[in-house]
Amino acid sequence: PSTGPLHGLRAVVSTGGTQEPLDPVRYLGNRSSGKQGIAIANALRAAGASVDLVAAHVDVPLPEDHPDTASATAEHPGLQVHRVGTALELQDVMNRFGELADVVVMTAAVADFRPATFAESKIKKSEDSDDAPVIELVRNPDILRGLVQRRQESGARRIIVGFAAETGDAATDPVEFGRAKLARKGCDLLCVNQVGTDLVFGQDSTKVTFLSADGAAERRVEGTKDDVARELTTLIAERVARTD
Ligand code: C5P
């Protein structure tokens with residue numbers, strides 16, 4: 001169709017894992033592959049939105065860039081990829097594009113901490129002792145909370161979606177955790193999934209529960225990351241239709 005349910009809307013999606021440099025050759029990173037955020041960017045684009053995809057480190061090819069919106073057609077609105085490294089860079093780009101967006105999806109795995117200092121030259125081991133350095137960390141800002149706060153201040157109508165990757169355990173229900181997180185973050189939708197070293201991160205299939213702030217949606221999706229992306233697109237389109 002020449003007009004999808006999100007036709008004429010702008011979306012910004014973050015994906016991948018941030019990398020926080022320690023010295024010129026080392027960083028603190030995480031296992032996020034970027035697959036879920038890429039699937040979401042493609043699904044939003046297929047629904048008619050023009051999409052800015054903000055990619056931290058990813059393990060898979062990024063979609064093709066269509067930087068020239070003149071080359072975008074009604075069926076294929078623009079998709080532009082922006083690369084970032086650290087959480088602070090991601091925050092800067094998300095705030096910039098978030099300002100203009102109707103839909104913001106924070107799929108990226110953001111490092112909660114970064115090294116307090118960056119060593120200009122490679123950190124070396126001592127040759128005459130077994131001493132190991134102690135690395136001091138500082139907190140990174142919560143980008144998602146910041147985006148919610150900026151929306152509040154501007155009074156804009158903008159749908160903001162967060163993700164929660166809970167490792168959980170036998171005693172804790174990840175969905176209960178998710179509810180508390182949704183309230184804390186203040187976003188409209190939260191996609192809760194359970195992760196472990198070989199579960200979800202980097203995998204093609206996933207198991208998630210969508211929670212919504214207004215209580216209107218609680219949907220489970222078990223399937224591929226494309227299935228999750230399509231369900232999220234449907235939930236977003238429902239909200240867009242309601243506020244029209
Ligand atoms: O607090 P937690 O890391 O579990 O929250 C996950 C959600 O918050 C994800 O949407 C993630 O992209 C976002 N996040 C963020 N800034 C951080 C940490 C997480 O925006 N520093």
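The values are calculated or read from the model by the stated rules, or taken from the named source; none is laboratory data. This one's a predicted model, so the numbers in the text were calculated from it and none came from an experiment. Ideal geometry is used to build each Cβ from the backbone, glycine not excepted, and the neighbour counts take in all protein chains shown. Accessible surface areas use protein heavy atoms only, side chains included; no ligands, DNA or RNA. Shrake-Rupley method; radii C 1.70, N 1.55, O 1.52, S 1.80 Å.
The table below gives the values:
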| read-out | value |
| --- | --- |
| Phi to ³J(HN,Hα) by Karplus 6.51 cos²θ - 1.76 cosθ + 1.60 over region 44-53, Hz, x for Gly, Pro | 5, 5, 5, 7, x, 6, 9, 10, 9, 9 |
| Euclidean distance between Cα centres, region 21-43 to region 81-143, Å | 11 |
| Portion, in percent, of the accessible area of the chain that falls on carbon or sulfur, probe 1.4 Å | 49 |
| Given the chain, longest segment not containing exposed loop GluC sites (Glu not before Pro) (DSSP; at most 16 other Cβ within 10 Å) | 137-244 |
| Distance histogram in 5 Å bins (all Cα pairs of region 1-56, percent per bin) | 5, 20, 21, 16, 13, 10, 7, 5, 3, 1 |
| Spin-label pair D65/D214, simplified geometry with 7 Å Cα→Cβ offset, distance in nm | 3.7 |
| Counting DSSP beta bridges with both ends in region 1-153, the antiparallel % (nearest 5) | 30 |
| Unit Cα scatterers, Debye sum, region 89-244: log10 I(q)/I(0) for q = 0.16 Å⁻¹ | -0.97 |
| Solvent exposure of the chain as accessible area per residue, Å², 1.4 Å probe | 53 |
| Convex hull volume per residue in cubic angstrom - Cα atoms of region 6-117 | 98 |
| Of K35/K181; K122/K207; K35/K185, pairs whose Cα-Cα distance is over 32 Å | K122/K207 |
